[in-house]
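In what follows, a single structure is set out as structure tokens and then discussed.
The values are calculated or read from the model by the stated rules, or taken from the named source; none is laboratory data. Since we're looking at a predicted model, the values are computed, not measured. All Cβ positions, even for glycine, are placed from backbone atoms using ideal geometry, and neighbour counts span all protein chains on display.
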Amino acid sequence: MVDANIIKDFFEVLNKNNLKYVLIKNDDNVIPNQLESGEDIDFLIYPSDYDRLIDVVISNGYEKRMGESCKRYFLYQLREDIFLRKDDCYFHFYEALSCNPLTNMGKCKMPLENVVQEYIWNHRIWDSVNRWWIMDDISILLYLIVRSIFDKMCFRSKYIREIEKRIAYIDEEDFFLLARTIFYGFTSRMIQMVKNKNYERVLNEYLSYTDY
């Protein structure tokens, strides 16, 4: 188990240096006290703070490691991920919320539409108990669905648990508008299947959908 103080100290470094970041998710609330050794914590870093983040963390004793850039292409001018280590804990940053496109061109990362990125930064929430910035529930719900379909190509049980904690937000207009920039004409069908817990059918129906 990762020492919780390592995690708390890292957030303190981010906060005291006024870096604009957001914690992408915290499945089952394992951060900071129950994170398994070797697991990573996922963040977004605001693009204008990308270079400064590297300088700050290295000067504070964190080691920069090779991230996904060694095995993936980064598309549409998305800069490579920043992968950091302190002892047995890893901190993983992206400058935009991204996904793996379902193509035959190899392993890629591509950013979601700008409207999604802007929504995340405009709606991030300060968690005063843990003293960190988190995504709001609509952003997390969208991310979990996108990650399940594009990155994992299935709905894992831990993602389903987190989706169902936030399922009430799936009927919000903001969620629909953001999801439509990704799923287009399939958006309403995707929402219906997730609400009905037909997770095992979502990917196949999405791949076979033609009425865009």
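Only one residue in 180, 189 is charged (D, E, K, R), more than 18 Å from residue 115 (Cβ to Cβ) and surrounded by 12 or more Cβ atoms within 10 Å (Cβ to Cβ), so which one is that?
Values: 180 fails: more than 18 Å from residue 115 (Cβ to Cβ).
Checking each option against the conditions leaves just 189.
Scanning for something in a loop (DSSP other than H, G, I, E, B), out of contact with any strand residue (DSSP E or B) (no Cβ under 8 Å at 6 or more places or on another chain), touching a residue at least 60 places away in the same chain (Cβ under 8 Å) and surrounded by fewer than 17 Cβ atoms within 10 Å (Cβ to Cβ), does the stretch 154-177 turn up at least one residue? Spell out the reasoning first.
Going residue by residue through the stretch 154-177, those that are in a loop (DSSP other than H, G, I, E, B) are 154-156, 166, 172.
From the residues that got through so far, the ones that are out of contact with any strand residue (DSSP E or B) (no Cβ under 8 Å at 6 or more places or on another chain) too are 154-156, 166, 172.
With the extra rule that they be touching a residue at least 60 places away in the same chain (Cβ under 8 Å), the set shrinks to none.
Checking the stretch 154-177: not a single residue is in a loop (DSSP other than H, G, I, E, B), out of contact with any strand residue (DSSP E or B) (no Cβ under 8 Å at 6 or more places or on another chain), touching a residue at least 60 places away in the same chain (Cβ under 8 Å) and surrounded by fewer than 17 Cβ atoms within 10 Å (Cβ to Cβ).
Yes/no matrix, rows are residues, columns are (1) of a type outside the set (A, V, I, L, M, F, W, C); (2) assigned by TED's automatic domain parsing to the domain that holds residue 62; (3) at negative phi; (4) modelled with pLDDT of 95 or more:
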| site | (1), (2), (3), (4) |
| --- | --- |
| 93 | no, yes, yes, yes |
| 120 | no, yes, yes, yes |
| 124 | yes, yes, yes, yes |
| 128 | yes, yes, yes, yes |
| 148 | yes, no, yes, yes |
| 161 | yes, no, yes, yes |
| 165 | yes, no, yes, yes |
| 168 | no, no, yes, yes |
| 175 | no, no, yes, yes |
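Taking the condition of being touching a helix residue (DSSP H, G or I) at 6+ places or on another chain (Cβ under 9 Å) and within 21 Å of residue 151 (Cα to Cα), how many residues in the stretch 57-68 meet it?
0
Does residue 73 fit the bill of being more than 23 Å from residue 12 (Cα to Cα) and either in contact (Cβ under 8 Å) with a residue 24 or more places away in the chain or under 16 Å from the mean Cα position of the chain (by Cα) (or both)?
Numbers: more than 23 Å from residue 12 (Cα to Cα): yes; either in contact (Cβ under 8 Å) with a residue 24 or more places away in the chain or under 16 Å from the mean Cα position of the chain (by Cα) (or both): yes.
When the stated conditions are applied, residue 73 passes them.
Residues are listed down the side, and each one gets a yes or a no for (1) assigned to a loop (DSSP other than H, G, I, E, B); (2) over 15 Å from the mean Cα position of the chain (by Cα); (3) touching a residue at least 24 places away in the same chain (Cβ under 8 Å):
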position: 2; (1), (2), (3): yes, yes, yes
position: 10; (1), (2), (3): no, yes, yes
position: 13; (1), (2), (3): no, yes, yes
position: 41; (1), (2), (3): no, no, yes
position: 52; (1), (2), (3): no, yes, yes
position: 56; (1), (2), (3): no, yes, yes
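Output the number of residues of the stretch 60-89 satisfying the condition of being of a type in the set (Ser, Thr, Tyr) and closer than 21 Å to residue 16 by Cβ. Outline the logic, then answer.
Just the residues of the stretch 60-89 that are of a type in the set (Ser, Thr, Tyr), to begin with: 62, 69, 73, 76.
Then keep just the ones that are closer than 21 Å to residue 16 by Cβ; that gives 62.
Qualifying residue count for the region: 1.
Could you please find all residues in the stretch 136-146 being in contact with a Lys or Arg (Cβ under 9 Å, 6 or more places away or on another chain) and either β-branched (Val, Ile, Thr) or over 15 Å from residue 195 (Cα atoms) (or both)?
Initially, the stretch 136-146 is screened for residues in contact with a Lys or Arg (Cβ under 9 Å, 6 or more places away or on another chain), giving 136-141, 143-144.
Scanning the stretch 136-146 gives 136, 137, 138, 139, 140, 143.
Which one is surrounded by the fewest Cβ atoms within 10 Å (Cβ to Cβ) among residues in the stretch 35-56 that are touching a helix residue (DSSP H, G or I) at 6+ places or on another chain (Cβ under 8 Å) and within 30 Å of residue 160 (Cα to Cα)?
Of everything passing the filter in the stretch 35-56, 46 is surrounded by the fewest Cβ atoms within 10 Å (Cβ to Cβ).
Which residues, counting only those in the stretch 202-212, are in a helix (DSSP H, G or I) and either loosely packed, with under 13 Cβ neighbours inside 10 Å or in contact with a strand residue (DSSP E or B) (Cβ under 9 Å, 6 or more places away or on another chain) (or both)? Steps first, answer last, please.
First, the residues of the stretch 202-212 that are in a helix (DSSP H, G or I): 202-208.
Answer for the stretch 202-212, where residues must be in a helix (DSSP H, G or I) and either loosely packed, with under 13 Cβ neighbours inside 10 Å or in contact with a strand residue (DSSP E or B) (Cβ under 9 Å, 6 or more places away or on another chain) (or both): 204, 207, 208.
Within the stretch 12-32, is even one residue closer than 24 Å to residue 156 by Cβ, surrounded by fewer than 14 Cβ atoms within 10 Å (Cβ to Cβ) and in contact with a strand residue (DSSP E or B) (Cβ under 9 Å, 6 or more places away or on another chain)?
Checking the stretch 12-32: not a single residue is closer than 24 Å to residue 156 by Cβ, surrounded by fewer than 14 Cβ atoms within 10 Å (Cβ to Cβ) and in contact with a strand residue (DSSP E or B) (Cβ under 9 Å, 6 or more places away or on another chain).
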